[in-house]
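The next block holds one structure in the form of structure tokens; read it before the comments.
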Amino acid sequence: MTTRSGTHAIRSEQDVVLSRQAVRKLAIECGLRLVDQTKLVTAVSELARNTVIYGGGGDMDWELVEDGGRKGVRLVFRDEGPGIPDIKQAMTDGWTSGNGLGLGLTGAKRLVDQFDIQSAPGEGTRVTITKWN
Amino acid sequence: MDRIPILRMGEFLLVTIQVDMHDQLALTLQDDLSTKINEISAKGVLIDISALDIVDSFIGRMISMISGLSRILDAETVVVGMQPAVAITLVELGLTLSGVSTALDVERGMKLLRERVRSL
């Protein structure tokens, strides 16, 4: 169940910083403890940077969700960029198409409770993550 | 702010990162530090990250680069003040900052730097 939602534009490096700050507020609001806030915000930093660098900019949709007694933050990073030809390869530790460390996607996955990626060449990329309290 | 200040203390350089860094700011710091190490023949660099509430793979890589760079320029780097939640996240992310010296706080970091430089 969604209790509140919204969208942030992610077009520049500055937007990456702003999205981190926005998600920190949401994480505090739904009662995530400090370590989980830190993990979620770090995952956001990785994914938002990917949106800017590889996706050529996009948006982050946010949702405060409830499931039974627990609350969580669900985020969708979407871009209309070139897409990822081989998702399996992109989800391998240490593999990078750019000059990064190749830890962005796989690292982000390890830091959240739910992770889903959808992408195809020419169709952009859509990453959905959820962190529960 | 488009630059992080670098303070000189004798033969050491001190950097306190107190802002939520965007990537360009991190790259500028890396450049500024290497220039400054060279300029004053610094023997050590202390980076205080106690105000950082996240370290992602980009900032982690910057820290490793600065440490490696300064070693090549004959200076030691110590990173101090990492928050426990940041350390837990960093390891889970897959970054161990191997080769980077750390200390719990500025005081211990300075002590470590002095010992290192004296033993050379």
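Throughout, read-outs are computed from the coordinates displayed, never taken from laboratory work. Every value quoted in this text rests on a predicted model; they were computed, and no experiment measured them. Heads up, the Cβs are rebuilt from the backbone with ideal geometry, glycines too, and the neighbour counts pull from every protein chain shown.
Relative to the longest principal Cα axis of chain B, at what angle does helix B:106-118 sit, 0 to 90 degrees, rounded to 10?
Taking the Cα atoms of chain B, the angle to B:106-118 is about 40 degrees.
What's the angle, to the nearest 10 degrees (0 to 90), between helix A:34-53's Cα axis and the longest principal axis of chain A?
So the helix axis and the longest Cα principal axis differ by about 30 degrees.
Assign unit charges at the C-beta atoms only (+1 for Lys and Arg, -1 for Asp and Glu), then state the dipole size of the protein assembly as shown relative to its Cα centre in Debye, rounded to the nearest 20.
Here the protein assembly as shown has a charge dipole of around 580 debye.
Can you count the Lys pairs in the range A:2-132 with C-alpha separation below 17 Å, eight or more apart or on different chains?
9
Just checking the output field for B:88-98: average partner chain Cβ neighbours within 10 Å of each residue's Cβ?
Across B:88-98, the average partner-chain Cβ count within 10 Å equals 5.
What is the distance, in nm, between label points placed 7 Å from the Cα along the Cα-to-Cβ direction at A:Arg11 and at A:Lys25?
For A:Arg11 paired with A:Lys25, the spin-label model returns 2.0 nm.
In whole Å, what three semi-axes, largest first, describe the equivalent ellipsoid of chain B built from its Cα gyration tensor (square root of 5 times each eigenvalue)?
Computed over chain B, the values are 21, 17, 13 Å.
How much space per residue, in cubic angstrom, does the convex hull of the C-alpha atoms of the range A:1-85 take up?
It comes to 96 Å³ per residue, whole-number rounded.
List the lysines whose Cα sits under 22 Å from the Cα of B:Lys111, skipping any in the same chain fewer than 8 residues away.
Correct list for B:Lys111: B:Lys36, B:Lys43.
DSSP loop (so not H, G, I, E, B), at most 15 other Cβ within 10 Å: list which trypsin sites (Lys or Arg not before Pro) in the range A:12-105 pass both filters.
A:Arg33
Nearest 10 degrees is fine. How inclined is helix B:84-93 to the longest principal axis of chain B, computing both from alpha carbons?
70 degrees
Label points 7 Å out from Cα along the Cβ direction at A:Asn133 and A:Asp86: separation in nm?
4.3 nm
What is the mean number of Cβ atoms from other protein chains located within 10 Å of the Cβ atom of each residue in peptide B:78-84, rounded to a whole number?
Counting other chains' Cβ atoms within 10 Å and averaging over B:78-84 gives 1.
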